[in-house]
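Here the structure is laid out as structure tokens; the discussion comes afterwards.
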Amino acid sequence: MKKVLVLYYSQSGQLGSVVESFISKLADEKIKVDVRRIEPVETYPYPWSFYKFADEFPEAVQMDGCKVKELENLEESYDLIILGYTIWFLAPSTPIVGFLKSNQAKRILKDKPVVTLIACRDMWVMAQEKMKGLLRAVDARLLDNVALTDQGKGIYSFVTTPRWLLTGKKDAFSIFPPAGILPSEIEAASRFGERLKKALKENREKQGEPLLQNLGAVNVNGKLIASEMIATRSSKIWAKIIKLFGKKRSFGRRVGLTLYSVFLVLLVFTVVPLNILVRKVLNLFQEEKLKALEVKYEKPSGR
Ligand SMILES: Cc1cc2nc3c(=O)[nH]c(=O)nc-3n(C[C@H](O)[C@H](O)[C@H](O)COP(=O)(O)O)c2cc1C
């Protein structure tokens, strides 16, 4: 009997549905699947108010994590661990970081093969780099990565995802498509579990080679990597500055967050359009380099 542990943290339930579909063809009489939702000790709101949402920014960027409840009645050991996570401010979500920094995570994940499963708006590449560091710190082995992103990529989801997170509304409006991942993409995630089932029966999780290749597990757009890197660097600087203004929920913190919000709005209307133009020209001369970056960040599973 093979044992698979599935861990995830989802607020609206979207990642929960992705996880459900992912594992729908995995379990049978020879494969036991144990699904657990990570529970933060202090719960996070959903939908969010603007300031509560923004208040999480510095701690999420610096990956402070939060206290999470200990998981009970787990098996002694698992053959494979599937770790479902969402992205918060270009990093793995705070409850997932909290769990990965816990002593329980060190015990459960040590020397275990892990498949990461991301469901987010559109920017996960730098967060997965951070996830690799967190997994290394608990001596886990990353086997595969699957990433599903919101429909209406890029520009549309810049509007539809925040609207969804701040109001709970996911429906289409005006020129915008519905928020979140396409339901057909969520449904199609069952192909990954089906492949894992076959691999587990052949003991291939022990070999250290990726199991989910040629299934369209990830799709990195090389042209967006530079923006993610710049945004990651800038957010690290702002996270430090905002923390200097005060602790979570303090008046000082509000002032710092307001300044940062003004900076972001100015950026969106000035530097971002200029950057898009400059990048369009630069990208013409960097096709080879961008392709190489795509291949690098699409590892281990690839397209
Ligand atoms: C505080 C916060 C910050 C977020 N930052 C990002 C981000 O940097 N990149 C991204 O692609 N999605 C981001 N998202 C969207 C989430 O990754 C995810 O798609 C959304 O929260 C729905 O997930 P759920 O299953 O928890 O409801 C953010 C969400 C929250 C709540």
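The values are calculated or read from the model by the stated rules, or taken from the named source; none is laboratory data. All values reported here derive from a predicted model rather than from experimental measurement. Cβ: placed from backbone, ideal geometry, glycine included. Neighbour counts: every protein chain shown.
The table for this structure:
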read-out: Among residues of region 132-148, those that are surrounded by fewer than 23 Cβ atoms within 10 Å (Cβ to Cβ) and within 13 Å of the ligand (Cβ to nearest atom), counted; value: 1
read-out: Inter-residue pairs, beta-carbon under 7 Å, first within 19 Å of PHE192 (Cβ to Cβ) and assigned by TED's automatic domain parsing to the domain that holds LEU7 and in region 116-130, second aromatic (Phe, Trp, Tyr) and assigned to a loop (DSSP other than H, G, I, E, B), 6+ apart; value: ILE118/TRP124
read-out: Subset of region 192-201 [in contact with a helix residue (DSSP H, G or I) (Cβ under 9 Å, 6 or more places away or on another chain) and buried (at least 17 other Cβ atoms within 10 Å of the Cβ)]; value: PHE192, GLY193, LEU196, ALA199
read-out: Residues of region 239-275 classified as part of a helix (DSSP H, G or I), charged (D, E, K, R) and exposed (fewer than 15 other Cβ atoms within 10 Å of the Cβ), total; value: 1
read-out: Of the criteria (1) surrounded by fewer than 23 Cβ atoms within 10 Å (Cβ to Cβ); (2) under 30 Å from ASN203 (Cβ atoms); (3) more than 16 Å from the ligand (Cβ to nearest atom); (4) of a type in the set (Val, Ile, Thr), which one VAL41 fails; value: (2)
read-out: Residues being touching a Leu at 6+ places or on another chain (Cβ under 7 Å) and either at positive phi or buried (at least 23 other Cβ atoms within 10 Å of the Cβ) (or both) - total across region 119-131; value: 2
read-out: Residue within region 21-37 that is in contact with a Gly (Cβ under 8 Å, 6 or more places away or on another chain), within 30 Å of LYS248 (Cβ to Cβ) and modelled with pLDDT of 95 or more present; value: yes
read-out: Among residues of region 50-98, those that are in contact with a Pro (Cβ under 6 Å, 6 or more places away or on another chain) and more than 16 Å from the ligand (Cβ to nearest atom), counted; value: 1
read-out: Top-ranked residue in region 99-131 [being closer than 15 Å to VAL218 by Cα and among the polar types (S, T, N, Q); ranked as nearest to the ligand (Cβ to nearest atom)]; value: GLN128
read-out: Those residues of region 189-206 which are among the aliphatic types (A, V, I, L, M), touching a residue at least 40 places away in the same chain (Cβ under 8 Å) and in a helix (DSSP H, G or I), in sequence order; value: LEU196, LEU200
read-out: Considering residues of region 152-182 that are of a type in the set (Ser, Thr, Tyr) and within 10 Å of the ligand (Cβ to nearest atom) only, the residue surrounded by the fewest Cβ atoms within 10 Å (Cβ to Cβ); value: THR161
read-out: Some residue of region 219-231 being more than 20 Å from the chain's Cα centre (by Cα), in a helix (DSSP H, G or I), of a type in the set (Val, Ile, Thr) and surrounded by fewer than 19 Cβ atoms within 10 Å (Cβ to Cβ); value: no
read-out: Hits in region 72-122 - residues which are of a type in the set (S, T, N, Q) and either under 17 Å from ASN145 (Cα atoms) or out of contact with any strand residue (DSSP E or B) (no Cβ under 7 Å at 6 or more places or on another chain) (or both); value: ASN73, SER77, THR86, SER93, ASN103, GLN104, THR116
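For (1) in the same structural domain as LEU211 (by TED's automatic domain parsing); (2) charged (D, E, K, R); (3) surrounded by 20 or more Cβ atoms within 10 Å (Cβ to Cβ), each residue gets a yes or a no:
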site	(1), (2), (3)
LYS25	yes, yes, no
LYS32	yes, yes, no
PRO58	yes, no, yes
LEU71	yes, no, no
GLY84	yes, no, yes
